[in-house]
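Since every read-out is calculated from the coordinates, none of them should be taken as a lab result. In this text, all values refer to a predicted model and were calculated from it rather than measured experimentally. Glycine also receives a Cβ, built like all others from the backbone with ideal geometry; neighbour counts cover every protein chain displayed.
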Amino acid sequence: MFYTPEILSAIYKNKDKSVIAGITVAWGIMLLIILVGTGQGLQNGIKKLFSDYTIKTIEVFSGEASISDINVTKGDLISFTMLDIKSCAVNFNEIQNISPVVNVNVSKISSERKSVNHFSLKGVNESYFNIKTLKFNTGRAFNNRDMNRKVAVLGFEIAKKLFNNVNCVGRLVFIKNIGYKIIGVTQKDNMFNNSGYDVYIPYENALNINSKTQFNEIIVSLKNDVNTEDFQKTMKVYLSNNKGINPKDKTAFFFNNIENTLKSFNTLFNAINLFLWFIGISFLISGMLSIFNIMTVVVKDRTGEFGIRKALGATPNSIQSMVLIESLLITLVSGIIGLTIGFIIIYVVNMYMKITGGNDQFLILDINIYIILSAILLLVLSGCIAGIIPARKASKVLPVEALRELNN
């Protein structure tokens, strides 16, 4: 039999070797946590990039005809009208919300005292805010009655620049010397998104500013049970036939399928995370090998001790367990120290990002409970694997060998 004090005493007697092995394990687990935390944080950031949209969202952009057909000649620019919006809404039961996106090119937007030149002005309808689910700092989104009014929704950054704060609902902004009443201000965007510089007005006002009835973008959200890829193909054929465009024309329409894009990013980051786990585990394996080498040397140095223990009645299993627990204890203590240091580094980096202006919705480093549990499991397995061979060797020591060792 053996007791915990005996194990601790044995580790203390070989403290130099134990500390060296422990540092290697701590370093390995710390790097594992930081690497995996970085990958997880980046993946979370990508998800936040698409958090403004419902998942079943498709953006449709008009392009240029590359094949001459019934109503178009090669090189003609394609555009949409409100008739296309109404036609799609009527003919596709899969569509939950649909909105035109009329991009307006004006040089500035102004308040009573200030003006801003860097912004994006879009004309949309009330359904747009059910597709792009922007959160509001103050005020509200458009409703059906707003379509005939001079109203505007400002991005957070625009409101801040024009009015020094975002509590500006009810005040006016001026676009081409026409006043628009502010009815809402969106929340601060994440670092991947530039929506803080967006300004939204009713699409009819946007078409009037452009002096056109055509526009180049449609955005739709679909019902949850709809396959977005199949719908995209169907919609392309429908729009092509409706406009007299060859359905095989690859440049007439372009689609941004949010669901497919998110899946592609998830696949990419899953591969990156797998690679980071591989790198981190490789560092941990180096620590495990260090533990193995140290325990092998320790067992050799303690041959006499193990032989005497067996002569006094200790069983091979008890000696094997003692060495195995020594290995496991060194690994776990070192690993927990490495985990703690890793968490401190993560915390410091995240705090630094916030202090220096990083968006608090996106942190480069992120750790969840599954990563913690996986790291602890790896530590236990590493300790067991590193100690199993030396432990078996220790359990096979014969008393005769011990006496010979002591006499030498």
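With an a/c value of 1.5 or above and a/b not larger than b/c for the gyration tensor axes a ≥ b ≥ c computed over the alpha-carbon atoms, region 50-136 is described as oblate.
Taking 0.36 nm per residue of sequence separation and removing the Cα-Cα distance, the T261/Y347 pair yields an extension gain of 27.9 nm.
Which of the three applies to region 173-251, rounded, prolate or oblate, going by the alpha-carbon gyration tensor with a ≥ b ≥ c and a/c under 1.5 meaning rounded? Oblate. Arranged from fewest to most other beta-carbon atoms within 10 Å of their beta carbon, R309, R113 become R113, R309.
What's the lysine pair count for region 164-291 at a Cα cut-off below 13 Å, pairs eight or more apart or interchain? Final tally of qualifying lysine pairs is 4.
Simple spin-label estimate for I285 and M147 gives 6.3 nm between the two label positions (7 Å along the Cα-to-Cβ direction from each Cα).
Note on F254 and D225: the extension gain reaches 8.1 nm, defined as 0.36 nm multiplied by sequence separation minus the Cα-Cα distance.
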